[in-house]
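Written below as structure tokens is the structure these notes are about.
The values are calculated or read from the model by the stated rules, or taken from the named source; none is laboratory data. This one's a predicted model, so the numbers in the text were calculated from it and none came from an experiment. Every residue, glycine among them, receives a Cβ derived from its backbone with ideal geometry; neighbour counts consider all protein chains shown.
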Amino acid sequence: MIPRPDVDWYVLSPVLALLAAAGLALLLSVFVPRWARRATGAVLATAGFATAGVLAAFVFRDSGTPTFEVGDAVTRDRWALYAQLLVCGAGVLAVLVSYAERMPDDHIGEYYALLATAGAGMCFFVQAENLMTLFLGLEWFSICLYILCAIDMQIVGSLEAGLKYLVIGAFGSATLLFGSALVYGSTGELEFHAIAREAQVDDALFVAGVAMMLVGFGYKASAAPFHQWTPDVYEGAPTPVTAFMSAATKVAALVVMLRVLRVAFPMEAHLWTVALSVIATVSLVIGNVAALVQKGVKRMLAYSSVSNAGFMLIAIVANSELGARALLYYLVPYCAMSVGAFAVVAARERELRAPVTLDNLAGFGWERPFLGIAMWIFMLGFAGFPLTGGFLAKFYVFSAAYDSGWTWLVIVGAGATLVSLYYYLGVVRALYMRSPLELRIAPAGGSPPRETLLQTGVVLCVAVTVGSFFAAEPLIDLARHAAESIPFD
Amino acid sequence: MDDWLTSILIFLPVAGAFLCMLVPLERFVVGSLALLVALVEVGFWIESVIRFDFGAGLQFEQQVTWFSDLNVSYHVGLFGFSLWLVGLTTVVVAAAIAYAFWTGRDRARAYYPLLLLLLGATVGVFSSQDLLLFYVFFEAMLIPLYVLVGVWGGAGRLRATFLIIAYTMAGSLLMLVAIIALGLTHGTFDLIDSGTSDSSWIFLGFVAAFAVKAPLFPFHAWLPEAYREAPPEVAAVLSGVISKAAAFGFLRIAIPKFPGPTDDFRIVILTLAAVGLVYGSLLAFRAPDVRGVIAYSSLAQMGLITLGLFAGNDLGYDGAVLQMVVHGLVSATLFLLAGGIERRAATGELLLVGGMARGRPILATMLMTTGVIALAVPGSSAFAGEFLILAGVFDRHWLYAAIGAAAIVLAAMYMLRLISAVLHRERGSAVSDAALDLRPAELGFLVPLVGLLLALSVWPAAVSEHSFAGDDASVVVQQNFRAAGR
């Protein structure tokens, strides 16, 4: 008889709440009349993400030193719970942005169900404590995202985006899986802690395994040179999906990356810090240079997300508790800015019924002052200007890197920030400094749709972006508690 | 220790900005409200002058922990010289707002808030006592400036904003790296608590930011574009006040925190400053338009101020602070006058304007008075500042003083050329008889500026001898502002 492990339902509760919301959304969309499907799905998904977030907060409060639950398959620590909070926050925001998206009503139940399931997968992924749960979580949320990207087949490029993501994402997953297999083959262990104990640094198989796992994470975090899918997928997917993906996937991938590297491969730090510093540099260079020449705002934001991955990797390279704190802090304003920026793009897209480019953003800031100022704030935040959390995030990451002796990486980061100003401020220029007349853009006609939910989402994003600057202390305290779960010597 | 006055000076304009932006008001009401806020701000500054004890160091201090992790705090307070710079800022921005109100800028609910935010950020720069806070305000100045030039500027505004951002951010990011390095080495970002450093690299990071912002030769390529394309009142703030933030940075951070590197690089910086002084003066002499003359004279004057700062003695520091205030007032007045001239002639080309003195006695008087002060005629406040600076730098090497003295002659040449090209000669083709003399409303913001200049001419010691606690500026700077700190 196979021994049944003790299941700690409490620690799994955020995941279960999201799954329950997804199941209900699927079931109810069959029963409720057509006109109520959208509202039902949205309410259930919001409730799911909110409940999961609240539960994660409770577990965060009640967790102290990390413990291993459910047959040592998942960890109960604040590191994972902090990430779950972020994923749930991004989820709620994504639902707000999704609500008024023009989408055929017949798949709307599935849309919200998949969104919640993807969230559940990410929440599970960040808790992974062994190679099996790691891969399970990864595929769980990835498959949901593949479908979400292709869900709106009426958008040109949506299906293409889904397929591209599927093919390249599957390649990334396969690389991670192969790497895991090599690590397991070399150490004979699945649990991260046990791997650290049994690690053979001079074993070529083992080192190859670590390298392949890094590559796999690189795909998910869209770090260059594993970013090729990012611009196409971000551009082709429905904008709310892009918003969710850009924020939540990055949280999950980077948080897990740091955990695996620190817990399972602490002895190999001299190898993976160097490798990651190269990946970070390449991401910063490719992301920023490619973003310079983009006309489409979604593509530009996609490359900006590659460059942000580079900044966050610097925090991992620092390989210190300060670095871990910097990563966790960075993710907060980053998620808000990313979801917020895509939300504004979505609003413009619905107004124009065409993909948003830098040209057809002209004058948007004067036409819709609130969304204009919000977009302005998000761009300033991405560019690392003060009065937004984006500035402190960069400051923190640079401090961590400098503190660990990676001065050249700090200088690369500063150079990348300088280059990035051109395209971030290019958006501000388009919003305020060019007139639609001069560019001969036909007016959209009629007053733009009033979208209370989307605007609420944008307000929340602005609040987090600016609030994380002023209320840095409580956030950093949270990050400190979370980072204490990761062993640094 | 916990005095709200500095914080009020910083946040009153910010609050005013939000009020102007969020409450839907008529253009006229928004303008009056902004002007009122600016005048109340001047009032608070006068209150701080009255309460200021010029014998003591840092005052009106307030400190609140921002994040304890890296020992960063919201720490503000005023020294004597920062008090004068804050005063300069409030007065010049108030005049700029009055000018904007008079010309009736469109999109008022965006324009005035941005000017007020600029005011708050600049006051913040002059009063912050924490490195990171300093950087935050230093960058925060750039955001409103970018939009003010980019939206309300002239035809070449997009290129001008690009140059401003590219240059200043390149310098600023180097400063950010330097700040991180300095702060982590000392374990605190507090300016009062942190000690000195011997690292040339960190020093150069700071110098890069300040040299671009001032600007010093050869980092000035953004300056003519920015000063020409910006609206006149923004150019007034830019050259009158924002450039002083750089000089302040030299005085408050670069020189006291890095005594060793300051000595090592003194000759380089003094040489660049002297070259900038002469080169700027020559360019000003050749500039084809009113604003070009003022812009390049600003480059020259910043070189002179830097000469004073890096002379490294009492005379140099006192003279530099005095000259910062005087030049701030002079160039702000000149830019506002240039704006008035451009409104009347629709151009600032020196070949097209001319003969404006005839029938416009008030304009002639104002331009003449300001111009004569700007060329440092003996007895003027600018003369006092320049004399102190030259006397100070003479101690370093007589050659700098000789170059500086020669530059005063050049200043006379370009200012007199400007005055004669605008006021005298034959009537320019762009000047019609219908163009009016200065209106009473214009005098409303020009007379206070010129009045302050005349007052400083009578009593320059008001600034030069009340900037540093005690008598010896060099001792205060050498002690890294510490003895005076608490």
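So which residues in the stretch A:200-235 are without any contact (Cβ under 8 Å) to a residue 60 or more places away in the chain and of a type in the set (A, V, I, L, M, F, W, C)?
A:204, A:205, A:206, A:208, A:212, A:213, A:215, A:217, A:226
This table checks each residue for (1) farther than 22 Å from residue B:143 by Cβ; (2) away from every other protein chain (no Cβ under 14 Å).
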site	(1), (2)
B:175	no, no
B:207	yes, yes
B:216	yes, yes
B:223	no, yes
B:227	no, yes
B:244	no, yes
B:247	no, yes
B:258	yes, yes
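Scan the stretch B:420-435 and give yes if some residue there is hydrophobic (A, V, I, L, M, F, W, C), buried (at least 17 other Cβ atoms within 10 Å of the Cβ), free of Cβ contacts under 8 Å to residues at least 12 places away in the same chain and over 21 Å from residue B:333 (Cα atoms), otherwise no.
Taking every residue of the stretch B:420-435 in turn, none turns out to be hydrophobic (A, V, I, L, M, F, W, C), buried (at least 17 other Cβ atoms within 10 Å of the Cβ), free of Cβ contacts under 8 Å to residues at least 12 places away in the same chain and over 21 Å from residue B:333 (Cα atoms).
Please go through the stretch A:70-88 and pick out each residue that is surrounded by fewer than 24 Cβ atoms within 10 Å (Cβ to Cβ) and small (Gly, Ala, Ser).
Selection gives A:71, A:73.
Kindly indicate whether residue A:375 is aliphatic (A, V, I, L, M) and in contact with a Phe, Trp or Tyr (Cβ under 7 Å, 6 or more places away or on another chain). Steps first, answer last, please.
Working: aliphatic (A, V, I, L, M): yes; in contact with a Phe, Trp or Tyr (Cβ under 7 Å, 6 or more places away or on another chain): no.
Spelling it out, it is not the case that residue A:375 is aliphatic (A, V, I, L, M) and in contact with a Phe, Trp or Tyr (Cβ under 7 Å, 6 or more places away or on another chain).
Pull up the stretch A:392-437, narrow it to residues that are among the β-branched types (Val, Ile, Thr) and closer than 17 Å to residue B:205 by Cα, then point me to the one that is surrounded by the most Cβ atoms within 10 Å (Cβ to Cβ).
Checking each candidate, the answer is A:417.
To keep it simple, each residue is scored yes or no on (1) surrounded by fewer than 24 Cβ atoms within 10 Å (Cβ to Cβ); (2) in contact with a Cys (Cβ under 6 Å, 6 or more places away or on another chain); (3) free of Cβ contacts under 8 Å to residues at least 12 places away in the same chain; (4) hydrophobic (A, V, I, L, M, F, W, C).
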position	(1), (2), (3), (4)
B:311	no, no, no, yes
B:321	no, no, no, yes
B:329	no, no, no, yes
B:333	no, no, no, no
B:337	no, no, no, yes
B:345	yes, no, no, yes
B:352	yes, no, no, yes
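Within the stretch A:278-316, which residues are without any contact (Cβ under 8 Å) to a residue 40 or more places away in the chain and either in a helix (DSSP H, G or I) or out of contact with any helix residue (DSSP H, G or I) (no Cβ under 9 Å at 6 or more places or on another chain) (or both)?
First pass over the stretch A:278-316, keeping only residues without any contact (Cβ under 8 Å) to a residue 40 or more places away in the chain: A:278, A:293.
Hit for the stretch A:278-316 is A:278, nothing else.
Counting only residues that are of a type in the set (A, V, I, L, M, F, W, C) and either surrounded by fewer than 20 Cβ atoms within 10 Å (Cβ to Cβ) or over 23 Å from the mean Cα position of the chain (by Cα) (or both), give me the helices (runs of 4 or more DSSP H) lying completely in the stretch A:169-240 with at least 3 of them.
Answer list for the stretch A:169-240: A:192-198, A:204-220.
Looking only at the stretch B:163-195, which residues are outside any helix (DSSP H, G or I) and either of a type in the set (Val, Ile, Thr) or closer than 21 Å to residue B:149 by Cβ (or both)?
B:188, B:192
With the condition being in contact with a strand residue (DSSP E or B) (Cβ under 9 Å, 6 or more places away or on another chain) and within 12 Å of chain A (Cβ to nearest Cβ), I'd like the helices (runs of 4 or more DSSP H) fully within the stretch B:108-162 carrying at least 1 qualifying residues.
Correct list: B:108-127, B:131-140.
When you check residue B:8 against the structure, is it free of Cβ contacts under 8 Å to residues at least 12 places away in the same chain, within 20 Å of residue B:123 (Cβ to Cβ) and among the aliphatic types (A, V, I, L, M), yes or no?
Considered against the rule, which asks whether it is free of Cβ contacts under 8 Å to residues at least 12 places away in the same chain, within 20 Å of residue B:123 (Cβ to Cβ) and among the aliphatic types (A, V, I, L, M), residue B:8 comes out as no.
Looking at the stretch A:353-410, which of its residues are among the aliphatic types (A, V, I, L, M) and farther than 25 Å from residue B:125 by Cα?
A:354, A:356, A:358, A:361, A:362, A:371, A:374, A:375, A:400, A:401, A:409
Out of everything in the stretch A:84-95 that is small (Gly, Ala, Ser) and touching a Leu at 6+ places or on another chain (Cβ under 8 Å), what residue ends up being nearest to residue A:324 (Cα to Cα)?
A:91
If we scan the stretch B:41-63, do we find a residue that is more than 30 Å from residue B:464 (Cβ to Cβ) and hydroxyl-bearing (Ser, Thr, Tyr)?
Step one: list which residues in the stretch B:41-63 are more than 30 Å from residue B:464 (Cβ to Cβ), which gives none.
No, the stretch B:41-63 has no match at all.
What number of residues in the stretch A:388-409 are at the interface with another protein chain (Cβ under 10 Å from one of its Cβ atoms) and free of Cβ contacts under 8 Å to residues at least 60 places away in the same chain?
Summing the residues that are at the interface with another protein chain (Cβ under 10 Å from one of its Cβ atoms) and free of Cβ contacts under 8 Å to residues at least 60 places away in the same chain in the stretch A:388-409 gives 3.
Suppose we filter B:416, B:453, B:423 for residues that are closer than 29 Å to residue B:253 by Cα and of a type outside the set (Val, Ile, Thr); which single one remains?
Every option except B:453 fails the conditions.
Here are some residues: B:104, B:120, B:57. Which one is in contact (Cβ under 8 Å) with a residue 12 or more places away in the chain and within 15 Å of residue B:17 (Cα to Cα)? Steps first, answer last, please.
Numbers: B:104 fails: within 15 Å of residue B:17 (Cα to Cα); B:57 fails: within 15 Å of residue B:17 (Cα to Cα).
Criteria check complete, one pass: B:120.
Filter the stretch B:31-56 down to the residues that are among the charged types (D, E, K, R) and part of a helix (DSSP H, G or I) and list them by number.
B:41, B:47, B:51
For residue B:267, which of the numbered conditions (1) under 21 Å from residue B:403 (Cβ atoms); (2) buried (at least 22 other Cβ atoms within 10 Å of the Cβ); (3) among the aliphatic types (A, V, I, L, M) fails to hold?
(2)
Kindly check whether there is at least one residue in the stretch A:146-160 that is crowded, with 22+ Cβ neighbours inside 10 Å, modelled with pLDDT under 95 and among the polar types (S, T, N, Q).
no
So the check is Cβ under 9 Å with 6+ separation or different chains; which pairs have a first residue in the stretch B:397-410 that's over 13 Å from residue B:270 (Cβ atoms) and a second one that's assigned to a loop (DSSP other than H, G, I, E, B)?
Final answer for the pair search is B:408/B:375; B:408/B:376.
Return the residue satisfying two criteria in turn: it lies in the stretch B:67-87 and is modelled with pLDDT of 90 or more and in a strand (DSSP E or B), and of such residues it is nearest to the chain's Cα centre (by Cα).
Looking at the filtered set, the residue picked out is B:78.
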